[in-house]
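Colleague: Got a structure for you, written out below as structure tokens; questions coming shortly.
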Ligand code: UDP
């Protein structure tokens, strides 16, 4: 259960919460439906988990629907995801037909609620085709792209664009992802819930429990990357960086992640990671069950340095989570990581395993910098990447789009 908004007054100023309530009042009773493709696993589910109850808390009639699909559908949508993040992928006409058919099956179930809603927010490509299948829609439809589409593989975006351009507006996490589209585009970076199980404070006893369960040595430095097993998260690059550091310092590495129900590639990537880690007892590859929030929280808190060495990244909630826990983050110099890792302040941006190793060694030799950067990172998240800011921007956007004044607050 998500805490009530009042609980956040202990973390952000109470005027911030009061402002959310004022905005909510103007949208009282408005029906807002979020649609995505998984209830758990990955950043979108993580956000909707708090977004929907908090929208309700301020008076909006918010709900969350999840589309269902076959394994083939999720293979295809993972291909779309990879293509949008720049990987050359083959998608045939048949594949796009299957994509549309599965959306049609979901539309048959969801049409009444979607057509009646005042605002529909469709997350990512998987359910994007629903709009075309709801001809009697009353409300405004917004496409929320969460992935790094700064350099898409053109054929995939060319097709998806024909679907997305029919929306009333779209939302991206940063300006680099905006596309030539015939509607207003808003920039709203994601955020974390500081009171969730994933991010709440933990007791020393709880942390010892997580440490013991993962088999970690309390006396040696710890590097942690939490991610779905996805090639764009570059877990192999992380192992390479660890090995370079290991030559000079007795570090331990945790690569922790589970699957998302809409991500069929995880198993193959996990196997590659296991193979790369083989024989090194200080590389801990942890396959986590869904809902392992306290374990992830604990691992991030036990880390000396948090890594997120992605080669593409829509935003990277794991970066926000690490920063909030007072850890410097060494992250790939891509996508939304750039919004969060302020080079030399909240962490370091890197492009190669060698670059990551160089920064890890520097921090391990300058322990005072670990602490200073960690403190700076936590405040940076408090200012920019907590759910209160995120909710305010969604409410403002819904007000603007309702009154038709969205062009005036166009952020791109
Ligand atoms: N996560 C999780 N279990 C896992 C791996 C990741 O709960 O096994 C969470 C992670 O803590 C973060 C989110 O899933 O909150 C991942 O979001 P991010 O934006 O970093 O990446 P995405 O998976 O959406 O590409």
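The values are calculated or read from the model by the stated rules, or taken from the named source; none is laboratory data. Please read these numbers as outputs of a predicted model, since none were measured by experiment. Don't worry about glycine lacking a Cβ; one is built from the backbone with ideal geometry, like all the others, and counts go over all protein chains shown.
Colleague: I need every pair where a residue in the range 301-330 that is closer than 20 Å to residue 204 by Cβ has its Cβ under 7 Å from the Cβ of a residue that is assigned to a strand (DSSP E or B) and at pLDDT below 95, sequence separation at least 6 or different chains.
Modeller: Hits for this filter: zero, empty list.
Colleague: So, residue 337, is that one within 30 Å of residue 240 (Cα to Cα) and in contact (Cβ under 8 Å) with a residue 60 or more places away in the chain or not?
Modeller: Considered against the rule, which asks whether it is within 30 Å of residue 240 (Cα to Cα) and in contact (Cβ under 8 Å) with a residue 60 or more places away in the chain, residue 337 comes out as no.
Colleague: From the list 83, 69, which residue is under 23 Å from residue 334 (Cβ atoms), touching a helix residue (DSSP H, G or I) at 6+ places or on another chain (Cβ under 8 Å) and in contact (Cβ under 8 Å) with a residue 40 or more places away in the chain?
Modeller: On the way: 69 fails: under 23 Å from residue 334 (Cβ atoms).
From the options 83, 69, the qualifying one is 83.
Colleague: So which residues in the range 270-284 are under 28 Å from residue 377 (Cβ atoms) and surrounded by 19 or more Cβ atoms within 10 Å (Cβ to Cβ), if there are any at all?
Modeller: Correct list: 273, 277, 283.
Colleague: Go through 272, 265 for me and flag whichever is within 13 Å of the ligand (Cβ to nearest atom), in contact with a helix residue (DSSP H, G or I) (Cβ under 7 Å, 6 or more places away or on another chain) and over 29 Å from residue 218 (Cβ atoms).
Modeller: Of 272, 265, the one residue that is within 13 Å of the ligand (Cβ to nearest atom), in contact with a helix residue (DSSP H, G or I) (Cβ under 7 Å, 6 or more places away or on another chain) and over 29 Å from residue 218 (Cβ atoms) is 265.
Colleague: Here is a follow-up. Being assigned to a helix (DSSP H, G or I), within 16 Å of the ligand (Cβ to nearest atom) and crowded, with 19+ Cβ neighbours inside 10 Å narrows it down to one residue among 315, 232; which is it?
Modeller: None of the other options fit; the residue is 232.
Colleague: For residue 345, indicate whether it is at pLDDT 95 or above, over 19 Å from the mean Cα position of the chain (by Cα) and part of a loop (DSSP other than H, G, I, E, B).
Modeller: Values: at pLDDT 95 or above: yes; over 19 Å from the mean Cα position of the chain (by Cα): yes; part of a loop (DSSP other than H, G, I, E, B): yes.
Taking the combined requirement at face value, the residue satisfies it.
Colleague: Related question: Tell me the strands (runs of 3 or more DSSP E) entirely within the range 130-193 that contain at least 1 residues that are in contact with a helix residue (DSSP H, G or I) (Cβ under 8 Å, 6 or more places away or on another chain), within 16 Å of the ligand (Cβ to nearest atom) and under 28 Å from residue 323 (Cβ atoms). Steps first, please.
Modeller: On the way: elements: 140-144, 169-172, 185-187.
The qualifying strands (runs of 3 or more DSSP E) are 169-172.
Colleague: For the range 291-311, which residues satisfy the criterion of being assigned to a loop (DSSP other than H, G, I, E, B), more than 10 Å from the ligand (Cβ to nearest atom) and under 29 Å from residue 77 (Cβ atoms)? Lay out the reasoning, then the answer.
Modeller: At the first step, the residues of the range 291-311 found to be assigned to a loop (DSSP other than H, G, I, E, B) are 291-292, 303-304, 309-311.
Then drop every residue that is not more than 10 Å from the ligand (Cβ to nearest atom), which leaves 303-304, 309, 311.
Those that are assigned to a loop (DSSP other than H, G, I, E, B), more than 10 Å from the ligand (Cβ to nearest atom) and under 29 Å from residue 77 (Cβ atoms): 309, 311.
Colleague: Determine if the range 276-290 includes at least one residue that is within 9 Å of the ligand (Cβ to nearest atom), closer than 27 Å to residue 174 by Cα and within 18 Å of the chain's Cα centre (by Cα).
Modeller: No - not one qualifying residue is present in the range 276-290.
Colleague: Would the range 239-247 turn up any residue that is within 14 Å of the ligand (Cβ to nearest atom), assigned to a helix (DSSP H, G or I) and either more than 30 Å from residue 142 (Cβ to Cβ) or in contact with a helix residue (DSSP H, G or I) (Cβ under 9 Å, 6 or more places away or on another chain) (or both)?
Modeller: Taking every residue of the range 239-247 in turn, none turns out to be within 14 Å of the ligand (Cβ to nearest atom), assigned to a helix (DSSP H, G or I) and either more than 30 Å from residue 142 (Cβ to Cβ) or in contact with a helix residue (DSSP H, G or I) (Cβ under 9 Å, 6 or more places away or on another chain) (or both).
Colleague: Residues in the range 8-55 that are out of contact with any helix residue (DSSP H, G or I) (no Cβ under 8 Å at 6 or more places or on another chain) and over 29 Å from residue 74 (Cβ atoms): how many? Quick ask: steps written out before the conclusion?
Modeller: Going residue by residue through the range 8-55, those that are out of contact with any helix residue (DSSP H, G or I) (no Cβ under 8 Å at 6 or more places or on another chain) are 10, 13-15, 18, 22, 25, 28-29, 40-42, 44-45, 48-49, 52-53.
Right, trim to over 29 Å from residue 74 (Cβ atoms) and you get 10, 13-15, 18, 22, 25, 28-29.
Count: 9.
Colleague: Could I ask something else about it? Only one residue in 24, 29, 69 is more than 16 Å from the ligand (Cβ to nearest atom) and on the phi > 0 side of the Ramachandran plot. Which one?
Modeller: Result of the check over 24, 29, 69: 29.
Colleague: If a residue must be within 9 Å of the ligand (Cβ to nearest atom) and assigned to a strand (DSSP E or B), how many such residues does the range 252-262 contain? If you could, list the steps in order and put the result at the bottom.
Modeller: If we filter the range 252-262 for residues that are within 9 Å of the ligand (Cβ to nearest atom), which is where we start, we get 256-260.
Cutting the leftovers down to assigned to a strand (DSSP E or B) gives us 256-257.
So the answer is 2.
Colleague: Quick one: which helices (runs of 4 or more DSSP H) lie wholly within the range 7-96 and hold at least 2 residues that are touching a strand residue (DSSP E or B) at 6+ places or on another chain (Cβ under 9 Å) and surrounded by fewer than 18 Cβ atoms within 10 Å (Cβ to Cβ)?
Modeller: Numbers: elements: 14-26, 43-57, 71-84.
Once the helices (runs of 4 or more DSSP H) in the range 7-96 are filtered for at least 2 residues that are touching a strand residue (DSSP E or B) at 6+ places or on another chain (Cβ under 9 Å) and surrounded by fewer than 18 Cβ atoms within 10 Å (Cβ to Cβ), what remains is 43-57.
Colleague: Also, I was wondering about something else. Any chance the range 132-149 includes a residue that's in contact with a strand residue (DSSP E or B) (Cβ under 6 Å, 6 or more places away or on another chain), in contact (Cβ under 8 Å) with a residue 40 or more places away in the chain and more than 30 Å from residue 381 (Cβ to Cβ)?
Modeller: yes
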